[in-house]
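**Student:** The structure follows.
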Amino acid sequence: MADSELTVTAAAVLTAEDEQSTGLRRTGRFTLIARRFARRPSAVVGLVLLVLLVVFAFVGPRIAQWGYDEPDFLALAQAPSAEHWFGTTTGGSDVFALVARGLGRSLAIGILSSVAITVIAAIIGTTIAFFEGWVERVGMWVLDMLLVIPSFLLIAMIVRSSSGANGWIWLTFGITVFGWIGYARVLRTLTLSLRELDYVHAARYMGVRSFTIIRRHLIPNLGSVLIIQTVLGVVAAVNSETALSFLGLGIKAPDTSLGTILQAGQSVILTAPWVLIAPSVALVLLTFSVQLIGDGLRDAIDPNSRSGGRA
Amino acid sequence: MNPVLSVRDLHVSFASEAGTVRAVRGVNFDLMPGRTLGIVGESGSGKSVTSLSVMGLLDENARVEGSIRLKGTELLGLSELELSKYRGNEMAMVFQDPLSALTPVFSIGDQLAEALDLHQDLNRKQVKERSIELLDLVGIPNPAERLRAYPHQFSGGMRQRVMIAIAIANDPDVIIADEPTTALDVTIQAQVLDVLKKAQRETGAAVVMITHDLGVVAGVADDVLVMYAGRPVEQAPVDELFARPAMPYTMGLLGAVPRPDRGENRRLVPIQGNPPSLVDLPVGCPFADRCPLVEDRCRTAEPDLLPVAGRPETLAACVRADELAEQGVTFEDAYEVAEAAESTLESVPRSEREVVLEVEGLKRHFPLTKGGFLRRRVGTVKAVDGVTFDVRAGETVALVGESGSGKTTTLLEIMKLEAPQGGRVAVLGKNLEELSTRERAGLRRDLQIVFQDPMSSLDPRMPVYDVLAEPLKVHGWSRPKVNARIDELMKLVGLNPDHVDRFPSQFSGGQRQRIAIARALAVNPRLIVLDEPVSALDVSIQAGVINLLEDLQAQLGVAFLFVAHDLSVIRHISSRVAVMYLGQVVESGDTEAVFTAPRHPYTQALLSAVPLPDPQLERGRKRVVLEGDLPSPVEEIPGCRFASRCPVRATLPADDQRRCDTVLPVLTGGDDQLAACHFPLTRTSAGLTDVRETTRA
């Protein structure tokens, strides 16, 4: 077989670029996913929304006329106006500044804990599946035990004992520590089929060390699942952060998050509805956009989906 | 006579990321009643798409153009509802995979009744009678009882029989069989092909037989259509096609198949290169880039399928067809055959060579448990139960057997390099039972493996460089040495060293298998275990890989343990062979001796079931068709495991039969050929000699 035939594989379209350098094929894969992603209008809408929200979280505090922690005592529970774009709370805090700051906090907590959850779940899930035998049995037993722990309560206790300033870090920690267990079980199941693939056997028979196989062959090949899981995990983490804060168990004053604002808003829903509406809209937009992106990514990465266009 | 099915100018295209895939580009054929048309071609040649478009079973994203007429009625453009009047009634299909073609939740009787009720107005009693009649016809024992059985209670071969019964339920005029025996073992394949012929005789239907196996076509087809890159390139009566192919591609295909009936070690003729991408077809003949007889005019326009001068029944799509036919060119003239490499160990007799692998009485039993919480053992699966063979330096030993015979389990037991459950395994003279962890890690370098599926044996996320560097790094090679070695390896397996930065998905199946072979060779092993290394490849590509393996062995003196179910490949490549049946070696010895004069009745049956790519020999051959299926490995069989299907046992007196049933035979015989049989066949045993005579003629 001569080299001439190398140009006629299914990836023939990509070969021209590939002549040039090493990494181009990877770019090719990403371009492909990007192209399939872009074919779904809903996914693009989600991405645009998310970008706008992130910009808002970053730029908002700078363009607001008031800081989130400097109440305007001359304007208590005021409706939106030129000075307070989203109105003020009963304590005089500027809702625009609060929402921008709270959104940033919620996003930070959501993204950080989701990434951490994925990393922990990937390592533990694949390891349990890879070693089979008693490691798998004991590992699964431990996972099952951990699943029954009342995590909500424990997170609340952890955050309660922290101070207001670094409370959000403890909250991230709490959500992470109790959030990875379910994912680890899912990843273990996926690894079960992966570990039977010939390239994993081949590596074993070559004498490659077990953790090298896990790092080099197993985790990268779960890549698409991990990406989707991380993205959708952001929604879950934001939701639990909001729920905890809403109950007064999460972020505490002077810091703020969407849940904290919502909690402040729900008591004045009849007299000052804007306090509730602004953070609610921000929260709904955030989870909605991430969900759209997650769906779009799943279809773009899954080779069997119908993103291939028509003849 | 009017054709029952007539296809004109059929075009099918699909959407894909890379662009429009033109899977079928202008297929024409007429199918006469009662005739069998074989459609052959390699994967991606459009043969299955053609059959699916006739049945109207293509996916929504396919665009079909042209004309398909069934007894004069145009089928293209009919709605689903209108099509279903024809499907299953006037035309029927037998699919490749009998596992997924039957619904697991309905009994066989229900599924047959469904087919009958849809197209005929019968009462319950008539349906039952007809069902029993159909099952009886396809050779299912106790049909009345089996009607109530579910698909999982049937073996693969039995399920395929049921599929055939459903297909002929309404006396169709056309039966389309899409690779009906590809998923089956050869002895079962022989049974199913017989059933299909019988079904055709009973119904008088015309059959379209789609297959990649030239042996199967030679045995069943009247006419053959060869497809390449979505177009028919040659059409001829079967004898004519095999005896005097007119198109260079057909010649190449015939030259690339190893022959199970020929001992002489003829080099196989691989066709250079790969089929073109169907997205981006070249101008001119799509075969031009691989054709040894290419001329400038081949690249200007795609040739049409036209009659060949002097051969009234042959059509070929080649500008040089007339000329080639006149000169009587065969593949030997057309294709250049590279000389085999000289072996370094040729002169050393086998008995003086070092033993690299010794397996003696190897056992591997799996407990069969039931229940979730409190597991209890309900039986033992004797996957491997007494396997004995040895491999010496520089030779190829083949393990043959049908699925379930324990070949792969044997390999895995060896590859684990751990003490076996029973028996003795020694690699390079080191008994696995006495290995220290250090020694085991060292042995890993001398023992490497190549897997069957080139898709899953390479990590899709690693470029070829990293794939090849992996074993080298494990054994502590320095970076500059690794670079030099990878360059050397790529050249050794015939790939361009500049392509090491590509990912496995950018290579074709054959090339990937070459990469897998390069990876196995990387650390200079003494023994490579090859688990069905060519069975996932098309014949033209397979020939190249087989030649490569032969050359590598000659140059490097590495020993191969070759596992395969394809006897023709084994006869071609191996010097010694061990035939396995139900976890045991029933016959072993020199390949030539075993193939020319098998002593175990199972070996004989296996050999006679292999279809020959030669229609004349195929017709003249006597087959030993085995009854029934492989017994379950859970069954306790005190005597010979083959006794339940043995054709020889049936002819023995009662006393001898009892001996077969109660006493387990051991491998006995001369040094060159051992057989585990109480009543081994001799060279003059009835029936045997004439099989061989005909195949040799």
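**Student:** Using r as the Cβ-Cβ distance of B:SER478 and A:VAL44, and R0 as 30 Å, what FRET efficiency do you calculate, to the nearest 0.05?
**Tutor:** According to the calculation, E is roughly 0.05.
**Student:** If you don't mind, there's one more thing I want to ask. Residues of segment B:439-457 losing 10 Å² or more of accessible area relative to the isolated chain, 1.4 Å probe, heavy atoms only?
**Tutor:** B:ARG444, B:GLN448, B:ILE449, B:PHE451, B:SER456, B:SER457
**Student:** Further, regarding this structure: Give the relative contact order (percent, whole number) for segment B:69-185; include only Cα pairs under 8 Å separated by 6+ residues.
**Tutor:** Relative contact order comes out at 43 percent.
**Student:** What lysines does B:LYS85 reach when the alpha-carbon gap must be under 17 Å and sequence neighbours fewer than 8 apart in one chain are set aside?
**Tutor:** Within reach: B:LYS71.
**Student:** Another one. 5 Å is the cut-off here: which amide hydrogens, built 1.01 Å from N in the peptide plane, fall below it relative to B:GLY230, excluding neighbours closer than 5 in sequence?
**Tutor:** Amide H to amide H, under 5 Å and 5 or more residues apart or across chains, B:GLY230 pairs with B:GLY46.
**Student:** Taking amide hydrogens as modeled 1.01 Å from N in the peptide plane, which residues meet the under 5 Å criterion relative to B:SER16, leaving out close sequence neighbours?
**Tutor:** Sorted by chain and number, the residues that satisfy this are B:VAL21.
**Student:** Can you return the lysines within cross-link range of B:LYS407? Criterion is Cα-Cα under 21 Å, with same-chain partners fewer than 8 residues away left out.
**Tutor:** B:LYS363, B:LYS382, B:LYS416
**Student:** Among B:ALA199, B:LEU225, B:VAL24, which residue has its Cα furthest toward the positive end of the charge dipole of chain B, with +1 on Lys/Arg Cβ and -1 on Asp/Glu Cβ?
**Tutor:** B:ALA199
**Student:** Something else: In Å², nearest 100, what accessible area do chains A and B bury in total when the solvent probe is 1.4 Å?
**Tutor:** Counting both chains, the buried surface is close to 4100 Å².
**Student:** Which one of A:SER114, A:MET145, A:ALA243 has its Cα pushed farthest toward the positive end of the charge dipole of chain A, where Lys and Arg give +1 and Asp and Glu give -1 at the Cβ?
**Tutor:** A:MET145
**Student:** On to the next question. Could you give the nm distance between label points at B:ASP498 and A:THR189, where each point is 7 Å from its Cα heading toward the beta carbon?
**Tutor:** A separation of 4.8 nm, rounded to one decimal place.
**Student:** Please compute the Kirkwood hydrodynamic radius over segment B:5-228, one decimal place, Å, based on all pairs of different Cα atoms.
**Tutor:** Taking the inverse mean of 1/r over all distinct Cα pairs, segment B:5-228 comes out at 17.9 Å.
**Student:** Build a GNM of chain A with springs between Cα atoms under 10 Å: which of A:ILE128, A:ILE117, A:ILE63 gets the top mean-square fluctuation?
**Tutor:** Highest fluctuation among the options: A:ILE63.
**Student:** For segment B:505-546, which residues drop by 50 square angstrom or more in accessible area between the chain on its own and all protein chains together (1.4 Å probe)?
**Tutor:** Correct list: B:GLN506, B:GLN511.
**Student:** How much accessible area per residue does chain B have, counting only protein heavy atoms and a probe of 1.4 Å, in square angstrom?
**Tutor:** Normalised by residue count, the accessible surface of chain B is 41 Å².
**Student:** Over segment B:597-696, what portion of Cα pair distances is larger than 20 Å, expressed as a whole percent?
**Tutor:** Percent of Cα pairs beyond 20 Å in segment B:597-696: 44.
**Student:** Quick check: the distance between the Cα centres of segment B:153-213 and segment B:349-409, to the nearest angstrom?
**Tutor:** With segment B:153-213 and segment B:349-409 each reduced to a Cα centre, they are spaced 33 Å.
**Student:** Output ³J(HN,Hα) for segment B:74-79: one whole-Hz value per residue in order, computed from phi by the Karplus curve 6.51 cos²θ - 1.76 cosθ + 1.60 with θ = phi - 60°, and x for Gly and Pro.
**Tutor:** 6, 8, 5, x, 6, 7
**Student:** Under the rule of -39500 (n - 2.57) per DSSP H run of 4 or more residues, summed and divided by the residues of chain B, what mean residue ellipticity at 222 nm is obtained, to the nearest 500 deg cm²/dmol?
**Tutor:** Result for chain B, helices only: -9500 deg cm²/dmol.
**Student:** Going by amide H atoms built from the backbone, whose H comes under 5 Å of the H on A:THR90, apart from near neighbours?
**Tutor:** Amide H to amide H, under 5 Å and 5 or more residues apart or across chains, A:THR90 pairs with A:ALA77.
**Student:** With equal scatterers on the alpha carbons only and no solvent term, can you work out the Debye log10 of I(q)/I(0) for chain A at 0.15, 0.16 1/Å?
**Tutor:** Each listed q corresponds, in turn, to -1.19, -1.27.
**Student:** Can I ask one more? Among the lysines, which have Cα under 27 Å from the Cα of B:LYS491 when same-chain residues fewer than 8 positions away are ignored?
**Tutor:** List returned: B:LYS473, B:LYS481.
**Student:** Another question, then. Just tell me how shielded A:202-214 is by partners: mean number of partner chain Cβ atoms within 10 Å of each residue's Cβ, no decimals.
**Tutor:** 6
**Student:** Counting pairwise Cα distances across the protein assembly as shown, what percent come out greater than 42 angstrom?
**Tutor:** 50 percent
**Student:** Could you state the number of Å between the C-alpha centres of segment A:140-196 and segment A:39-111?
**Tutor:** Using only Cα atoms, the two centres lie 30 Å from each other.
**Student:** Now for a different question. HN-Hα J couplings of segment A:199-205 from phi, Karplus 6.51/-1.76/1.60, θ = phi - 60°, integer Hz, Gly and Pro as x?
**Tutor:** 5, 6, 4, 4, 4, 4, 5
**Student:** Excluding B:ARG392 itself, what net charge comes from residues whose Cβ is under 12 Å from its Cβ, given Lys and Arg +1 and Asp and Glu -1?
**Tutor:** Result for the local shell: -1.
**Student:** Measuring from label point to label point, each 7 Å out along Cα→Cβ, what is the A:ARG160 to A:VAL142 span in nm?
**Tutor:** 2.8 nm
**Student:** Take the Cβ-Cβ distance between B:LYS416 and B:SER347 as r, set R0 to 25 Å, and report the resulting FRET efficiency rounded to the nearest 0.05.
**Tutor:** Efficiency for this residue pair is about 0.10.
**Student:** Just read off the accessible area of B:TRP477 with the full protein assembly in place, 1.4 Å probe, to the nearest 10 Å².
**Tutor:** 70 Å²
**Student:** Which ³J(HN,Hα) values, rounded to whole Hz and listed in residue order, are derived for segment B:422-437 from phi using the Karplus coefficients 6.51, -1.76 and 1.60 in 6.51 cos²θ - 1.76 cosθ + 1.60 with θ = phi - 60°, glycine and proline given as x?
**Tutor:** x, x, 9, 10, 10, 10, 6, x, 9, 5, 5, 5, 9, 7, 8, 4
**Student:** Taking the Cα centre of segment B:238-334 as origin and charging only Cβ (+1 Lys, Arg; -1 Asp, Glu), how large is the dipole, in debye to the nearest 20?
**Tutor:** Dipole about the Cα centre, nearest 20: 340 debye.
**Student:** Moving on to the next point. Would you mind estimating how fast chain B diffuses translationally, via Stokes-Einstein at 37 °C and 0.692 mPa s with the Kirkwood radius over Cα pairs, in µm²/s?
**Tutor:** The estimated diffusion coefficient comes to 120 µm²/s.
**Student:** Can you give me the P(r) profile for segment B:350-581? Cα pairs, bins 5 angstrom wide beginning at 0, each as a whole percent.
**Tutor:** Once binned at 5 Å, the Cα pair distances of segment B:350-581 give 1, 6, 14, 17, 18, 16, 13, 8, 4, 2, 1, 0.
**Student:** Over the Cα atoms of segment B:230-361, compute the convex hull volume and normalise it per residue, giving Å³.
**Tutor:** 198 Å³
**Student:** What number, in percent, do you get for the relative contact order of chain A if the mean sequence gap of Cα pairs under 8 Å and at least 6 apart is divided by its residue count?
**Tutor:** 26 percent
**Student:** With an 8 Å Cα cut-off and a minimum separation of 6 or more residues, compute the relative contact order for chain B in percent.
**Tutor:** 13 percent
**Student:** Pop out the carbon and sulfur fraction of the accessible area of chain B as a percent, whole number, probe 1.4 Å.
**Tutor:** Accessible surface attributable to carbon and sulfur in chain B totals 49 percent.
**Student:** With a 1.4 Å probe and all protein chains in place, put A:PHE73, B:PHE95 in order of accessible area, largest first.
**Tutor:** Largest accessible area first, the residues go A:PHE73, B:PHE95.
**Student:** What's the local net charge at B:LEU472, with K and R +1, D and E -1, over the other residues with C-beta under 13 Å away?
**Tutor:** Here the charged neighbours net out to +3.
The values are calculated or read from the model by the stated rules, or taken from the named source; none is laboratory data. All of these numbers come straight from a predicted model, not from anything done at the bench. All Cβ positions, glycine included, derive from the backbone under ideal geometry; neighbour counts span all protein chains shown. Surface areas here come from the heavy atoms of the whole protein model, side chains and all, with no ligands, DNA or RNA. Shrake-Rupley method; radii C 1.70, N 1.55, O 1.52, S 1.80 Å.
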